[in-house]
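First the structure, in the form of structure tokens, and then the observations on it.
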Amino acid sequence: MVTDSYLPGHGNAGYRVRHYDLELDYKPGPARLSGRALITAEADGTLPRFELDFGAFRINRVLVDGKPARYTHGGGKLRVRPAKAVRGAFTVEVRYVGTPRPVRTRHWGDLGWDQLTDGSLVASQPVGAPSWFPCDDRVSAKAPFRIAVTAPSPYTVVANGVLVDGKVGGSTTSWVYASDAPMAPYLATVQIGQYERVELGGDQVAAVPARLLPAFRHDFARQPTMMALFCDLFGDYPFDSYAVVVTDDPLEVPVEAQSLSIFGANHVDGRRGFERLVAHELAHQWFGNSVGLADWRHIWLNEGFATYAEWLWSESSGGPSAATLAEHSRAVIAALPQDIRLSDPGVARMFDDRVYQRGALTLHALRERLGDAAFFELLREWTSRHRHGTATTEDFLALAGHRDLLTPWLESPRLP
């Protein structure tokens, strides 16, 4: 098993996770998290030992196939030595407690579980998942999840997937979410806050602070229409539900997660001033979440497609056309250094705006070459062929063809 080319310190060899079952108890006041992670995995061969990515918690117990296992923990790794080497399917159970601390990174700041003024959020892209549960933290290592969270009753908990159970017990409430579609660990999330639930129709829901409800209802009123447009252009919505969370705190940027998106209070202004971001995050459900990345160097397949979805929504909803937005974007990018390679931008520039904009421009150039009918048929074939899987730039080239057009866009630092 090969780890990610950009993040070789994350992810682990020798096994594949088949399912995560997380049971969490969270106390917002002291910011205390108690957790039980039950991971079902399959060994590639005989494993006398294995590793998980995991942050700075106190570990109370590690069991492998129900039996106590030896372990060491440090440097972001939980190293497990079972009493007997594992072969084939096995389970590992980790019980832990502590204050979740974000993963500190050189290029992107602190990532993962973070405290709000009242509550918490999880924003893990690309390597923050170990801040709250043990995992195989590779972008390509997707598995189904069950996430159960107990929190004080005034708080609402939102996590990935469908709410399948809930129980009020005195001063606390338990929330259980299930996501049968496989998910990369960085896309797993838990949002905790004092929110009001809003039904948007068509299996779309939102959790919003009461004070922001009037502005939210205006700003997100067109999301069901947006969903219908994207289903037409990109193919069926790939998950069972879609949720939006608006925190009571401002956020620098919206947060991407599978089957839900998180916005800050500053992204709700009552004037639809951030509607392009609503489109961007929704589009990630197809591009980035369902069709995941085989390696982070292919990040344009996430961000270029989601940025182009912004332009498609603008065009459909009465705003500037995609052609107009492409012309503006090209002028902006042309004035910047021509030193980034879209197909391999480098770890420090994975989230450079030029990756987003050049990715969208690449798709617009392909659309102009193919015409609308063939272009959108191509997108639907792309999302269908790689639904709930992973893909590479080469996979897209193999499907799209027209390498004479696409290769300069993807491989040349100079803007074609």
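Nothing in this text is a laboratory measurement; each read-out follows from the coordinates by a stated rule. Just so you know, these numbers come straight off a predicted model, no measurement behind them. Here the Cβ is made from the backbone with ideal geometry for all residues, glycine too, and neighbour counts use every protein chain on show.
A dipole drawn for the chain from +1 and -1 charges on Cβ atoms has a positive end, and of LEU52, LEU282, MET226 the residue lying farthest that way is LEU52. Only one residue of ILE39, HIS107, SER124 has its Cα farthest out toward the positive end of the dipole of the stretch 1-131, where Lys and Arg carry +1 and Asp and Glu -1 on Cβ, and that residue is ILE39. If you wrap the tightest convex hull around every Cα atom of the stretch 1-190 and split its volume per residue, you get 112 Å³. Entry note, the chain: relative contact order of 12 percent, from Cα contacts under 8 Å with a spacing of 6+ residues. Each 10 Å bin from zero holds the following percent of Cα-Cα pairs in the stretch 336-377: 27, 41, 25, 6.
Under 18 Å Cα to Cα from LYS77, which aspartates and glutamates show up? Leave out anything in the same chain fewer than 8 places away. Partners within reach: ASP4, GLU51, ASP53, GLU93, ASP110, ASP136, ASP137. Measuring from centroid to centroid over Cα atoms, what is the spacing of the stretch 169-208 and the stretch 240-282 in Å? So the two Cα centres are separated by 14 Å. Size check on the stretch 195-285: the Cα extents along the three principal axes, sorted descending, read 35, 24, 22 Å.
Please tell me the relative contact order of the stretch 1-190 in percent, rounded to the nearest whole number, where contacts are Cα pairs under 8 Å and at least six residues apart. Display every interim value, and only then the final one.
Numbers: 501 pairs, mean separation 42.0, N = 190.
After rounding, I find 22 percent.
Taking the DSSP beta bridges with both ends in the stretch 1-190, the antiparallel portion is around 90 percent. Across the stretch 406-416, coupling constants 3J(HN,Hα) worked out from phi with the 6.51/-1.76/1.60 Karplus curve, θ = phi - 60°, read 7, 4, x, 5, 8, 10, 8, x, 6, 5, x Hz, and Gly and Pro carry x.
Kirkwood analysis of the stretch 293-411, using all unique Cα-Cα pairs, places the hydrodynamic radius at 14.6 Å. Only the Cβ atoms of Lys and Arg (+1) and of Asp and Glu (-1) were treated as charged; on that basis the dipole of the chain about its Cα centre amounts to roughly 1520 debye. Considering every alpha-carbon pair of the stretch 1-84, the percent of pairs per 5 Å bin, from zero through the bin containing the longest distance, is 3, 12, 20, 26, 20, 11, 6, 2, 0. A dipole drawn for the stretch 195-285 from +1 and -1 charges on Cβ atoms has a positive end, and of LEU200, VAL255, LEU213 the residue lying farthest that way is LEU213.
With contacts taken as Cα pairs under 8 Å and at least 6 residues apart, the stretch 118-239 reaches a relative contact order of 26 percent. If you take the square roots of the eigenvalues of the alpha-carbon gyration tensor of the chain and sort them as a ≥ b ≥ c, do you get rounded (a/c under 1.5), prolate (a/b over b/c) or oblate? It is oblate, given that a/c is not under 1.5 and a/b is not larger than b/c.
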